[in-house]
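Enquirer: What follows is a structure written as structure tokens; I'll ask about it next.
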Amino acid sequence: MTTVGIKAAAYCLNFAPELALHYGGTPRQERRAKPDSEFLRDLPGRAQTFEQAAAYAPNQAYIGAMTLEELAQAPAPWSDNPVREARFGTFGEIMPEDEFLGLMDICDVFDLIWLEEGVAASVAAKLARNPVLGEKQLARLEKGRPLADLEEAVRQHALPLYLHGRLAGCCRRAHDTDENLEAGVMLENLASKASGVLALLHLIRNAGLAPADIDFVVECSEEAVGDTMQRGGGNMAKALAEIAECVNASGFDVRAFCAGPVAALITAAGMVASGARPNVAVVSGGSVPKLYMNARDHVKKNVPPLENCLGSFALLLTPDDGQTPVMRLDSLGKHTVGAGASPQAVTTALTFDPLSRVGLRLTDVDKYAPELHNAEVTLPAGAGNVPEANYKMIAALAVMKGQIARGDIDAFVAERGMPGFAPIQGHIPSGVPYVGHALEAMKAGRIRRAMIIGKGSLFLGRLTNLADGASFILEAPGMGAGAGRQVRQEDVTEMLLTALGDLAATLQKGR
Amino acid sequence: MDLENQQRIKDAAEKYGGENIVVVLGSSDPEGAEIYAETVTMGDPTFAGCLAGVPLGLCVYHVLEPELKEAADPAKWEEQIGMMEMVLKVDALVAAVRKMREANSKFSL
């Protein structure tokens, strides 16, 4: 059995209500269609403050400032019951929007982001205190420009960037005629790049490594990086690695809609397992268009619009040293072209099939991590409780396969599920947010086996009607080949007999 | 109901005639199922799509309704739908769609 270690994890949030209000896909479309709508009028007044976002329980769970057990105990609705505010957690941080604008400037190598000079000075001082930003990164931050320069740029073609409703910067276009390099596209790509860099920097710190130790970066967001001749040309990965000073790394991007992160982990694990590249980071930044995606429903139903953070993550894959939890590569779940599209076919392909291939039952998995969308965001938008629906499907499948009784569905869901806590950022909720918590739970001996499941809506790209999915089993260190490699009495006896036989032969030869 | 699906249903009704069409819903929540059923009978209640103000009065069922289950091959049903039958609130889904059908469908099975 082939296994690959997951040595460290990082998860970050970039609080960005102004980016959400102006460049989130839903408000942006509304502004074009009905600029004076009630929705747009009411939305800014409903926004969370940074302090509220930093005291919002699911955000705290995402950055590792709260365990999932604590989250499950936290009183609902979470939006009305703030917890202790924390900027940093075990895995990463939640960063305010002004610092994020500075971080975008740090990550911009084509002078596209301009900050107002007062804003630039103020964020420079704040970013200098960030534990993961080094001199090389801070030196990339520019001094900023007078407000009049920004106003002029915005009058021409640049997109305004705001803080508390005031012009604080702008994002310029990268070409005068190329639609794939226009200001809006560049803003989305730079925001994804900056949030990805933040996660990568936290990962390097959490792993106790130097940037130069990273051999390869696999990036798995949903952005298309390129110009008019090659719209999705790519390599966000190497662009992230450059800013993080990973001088010995190269990289590439993996795209599979929301299944991208799991697909990227499997890709990276293949490289590590083959010995081709020992320290591989799998990274993704967040998505600007998904900010405030469901805000229309939230405003209508008078609940806070909570899609105000870009989410990012980074995981470090290393050879299995027996000390870290591992990905098993002998039992990958794959939603094949021929599998069909019914929920039953998909769930079977991603859970039952890979488990039974290695002699495991659905009840041998302690925790399942499917799409971990925060239900406080999806329920008011009519999209249901996504993780709960997934858990019920897995439990129902277990009933059909005769592995649990029908009356045990609720217990299965309660025991092997978890509340959704991930920001609704497409690829971000897709199983991976649990990996960091799983590493902690495995180190503490609370769980031994988890399954990470990603699913992607390929049909959104209009090239196929298919969806996709991928999954893998994560196991505690030292389980070796899982059930298959546990030492049995017969194995020990056989080994001893062989050794004694060899000894006898050697003694006879010696005589 | 998304705009493209509205268009497909409208096109099909024009091409084949409303009396020759049954819309089978697979939605997972009763509220959504009711809106879909309303859209293909009375018209799009959100006034966003091409069925806004177009009462097609089509015959509409949820896939979990007993009439459809009885007509289906039991093995296929078990393979494709058995799991979701355990997961979803079947009674509420059936009630939501039946109510809309009985009040507003001009055609029947």
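Enquirer: So if each residue of separation counts as 0.36 nm, and I subtract the Cα-Cα distance between A:ALA125 and A:ALA76, what length gain in nm does that give?
Expert: Extending this stretch completely gives an extra 13.9 nm.
Enquirer: Give the long-range amide H neighbours of A:MET451: residues separated by 5 or more places, or on another chain, with amide H under 5 Å away, using H modelled in the peptide plane at 1.01 Å from N.
Expert: Placed amide hydrogens put A:LYS367, A:TYR368, A:ALA369, A:LEU474 under 5 Å from A:MET451.
Enquirer: Along each of the three principal axes of the Cα atoms of the range A:328-485, give the extent in whole Å, ordering the values from largest to smallest.
Expert: Ordered largest first, the range A:328-485 gives principal extents of 45, 34, 32 Å.
Enquirer: Same structure again: Sorted from fewest to most neighbouring beta carbons within 10 Å, what does the list B:LYS99, A:LYS143 look like?
Expert: Listing B:LYS99, A:LYS143 from fewest to most nearby Cβ atoms yields A:LYS143, B:LYS99.
Enquirer: Another question, if that's okay. Quick check on the protein assembly as shown: helices-only [θ] at 222 nm, where DSSP H runs of length 4 and up contribute -39,500 (n - 2.57) each and the sum goes over total residues. Nearest 500, please.
Expert: -12000 deg cm²/dmol
Enquirer: Let me ask you something else. Give me A:HIS298, A:HIS437 ranked fewest to most by other Cβ atoms within 10 Å of their Cβ, as a rough exposure proxy.
Expert: Lowest count first: A:HIS298, A:HIS437.
Enquirer: For A:ARG31 and A:ARG140 in one chain, what is 0.36 nm times their gap in residues minus the Cα-Cα distance, to one decimal in nm?
Expert: 35.8 nm
Enquirer: Same structure again: For A:LEU163, which sequence-distant residues (separation of 5 or more, or a different chain) have an amide H within less than 5 Å of its own amide H, given hydrogens modelled in the peptide plane?
Expert: A:ALA168
Enquirer: I'd like the Karplus ³J(HN,Hα) series for the range B:95-100: coefficients 6.51, -1.76, 1.60, θ = phi - 60°, whole numbers in Hz, and an x wherever there's a Gly or Pro.
Expert: Values per residue, Gly and Pro as x: 4, 4, 6, 4, 4, 5 Hz.
Enquirer: Further question on the same structure: Compute the distance in nm between two label points, each set 7 Å from the Cα along the Cα-to-Cβ direction, one at A:LEU460 and one at B:GLU4.
Expert: 1.3 nm
Enquirer: Given a cut-off of 24 Å, name the pairs among A:LYS290/A:LYS367; A:LYS392/A:LYS455; A:LYS300/A:LYS392; B:LYS69/B:LYS106; A:LYS143/A:LYS193 whose C-alpha atoms lie farther apart than that in the structure shown.
Expert: Result: A:LYS290/A:LYS367; A:LYS300/A:LYS392 exceed 24 Å.
Enquirer: With θ taken as phi - 60° and the coefficients 6.51, -1.76 and 1.60, list the Karplus ³J(HN,Hα) couplings across the range A:54-70 in order, rounded to whole Hz; mark glycine and proline as x.
Expert: 3J(HN,Hα) across the range A:54-70, in whole Hz: 7, 10, 8, 3, x, 5, 5, 5, 4, 8, x, 8, 8, 7, 6, 5, 5.
Enquirer: Cα gyration tensor of the protein assembly as shown, axes a ≥ b ≥ c as square roots of the eigenvalues: rounded (a/c below 1.5), prolate (a/b > b/c) or oblate?
Expert: Judged from the Cα gyration tensor, the protein assembly as shown comes out oblate (a/c at least 1.5, b/c at or above a/b).
Enquirer: Residues with beta-carbon under 12 Å from that of B:ASN5, excluding B:ASN5: net charge, scoring Lys, Arg +1 and Asp, Glu -1?
Expert: Here the charged neighbours net out to -2.
Enquirer: Determine which residues of the range A:113-134 fall in the zone a paramagnetic label at A:ASP149 would reach in this model, i.e. backbone nitrogen under 18 Å from the point 7 Å along Cα→Cβ.
Expert: Under 18 Å, as judged by backbone N against the label point of A:ASP149, lie A:113-125 of the range A:113-134.
Enquirer: Would you mind classifying the range A:224-318 by shape? Square roots of the alpha carbon gyration tensor eigenvalues, ordered a ≥ b ≥ c; an a/c under 1.5 is rounded, otherwise it is prolate if a/b is larger than b/c and oblate if not.
Expert: Since a/c reaches 1.5 and a/b is larger than b/c, the shape of the range A:224-318 is classed as prolate.
Enquirer: Same structure again: Using DSSP to define loop residues, name the trypsin sites (Lys or Arg not before Pro) in the range A:1-105 whose beta-carbon has at most 12 other beta-carbon atoms within 10 Å.
Expert: Within the range A:1-105, the qualifying trypsin sites (Lys or Arg not before Pro) (loop, at most 12 other Cβ atoms within 10 Å) are A:ARG84.
Enquirer: Taking H placed 1.01 Å from N in the peptide plane, check which residues at least 5 places from A:ARG145 or on another chain put their amide H under 5 Å from its amide H.
Expert: Counting only residues 5 or more places away or on other chains, the set is A:LEU115, A:GLU116, A:GLU117.
Enquirer: Using a 7 Å offset from Cα along Cα-Cβ at A:ASP321, what residues in the range A:193-223 end up with backbone N under 11 Å from the label point?
Expert: From the range A:193-223, the list is A:208-209.
Enquirer: Specify the residue with the greatest mean-square fluctuation among B:ILE21, B:ILE35, B:ILE81, computed from a Gaussian network of chain B linking alpha-carbon atoms under 10 Å apart.
Expert: B:ILE81
Enquirer: If you plug each phi of the range A:440-448 into the Karplus form 6.51 cos²θ - 1.76 cosθ + 1.60 with θ = phi - 60°, what whole-Hz ³J(HN,Hα) values come out, in order, with x for Gly and Pro?
Expert: Once rounded to whole Hz, the list reads 5, 5, 6, 4, 7, x, 7, 9, 10.
Enquirer: If you add up the charges near A:LYS455, with Lys and Arg at +1 and Asp and Glu at -1, over every other residue whose beta carbon is less than 10 angstrom from its beta carbon, what do you get?
Expert: Counting the neighbours of A:LYS455, the net charge comes to -2.
Enquirer: Something else now. Once you list every other residue whose beta carbon is under 9 Å from the beta carbon of A:ALA55, what net charge do they have if Lys and Arg are +1 and Asp and Glu are -1?
Expert: My count for the surroundings of A:ALA55 gives -1.
Enquirer: Can you give me the Cα centroid spacing of the range A:131-147 and the range A:20-86 in angstrom?
Expert: First find each Cα centre; the distance between them is then 28 Å.
Enquirer: OK, next. If neighbour count is taken as other Cβ atoms inside 10 Å, put A:HIS164, A:HIS202 in order from fewest to most.
Expert: Ascending number of Cβ neighbours within 10 Å: A:HIS164, A:HIS202.
Enquirer: So between A:VAL247 and A:MET229, what do we pick up on full extension, going 0.36 nm a residue minus the alpha carbon distance?
Expert: 3.6 nm
Read-outs throughout are calculated quantities, based only on the coordinates presented, and are distinct from any laboratory measurement. Computed from a predicted model, the values in this text were never measured in an experiment. Neighbour counts run over all protein chains shown; Cβ positions are idealised from the backbone, glycine included.
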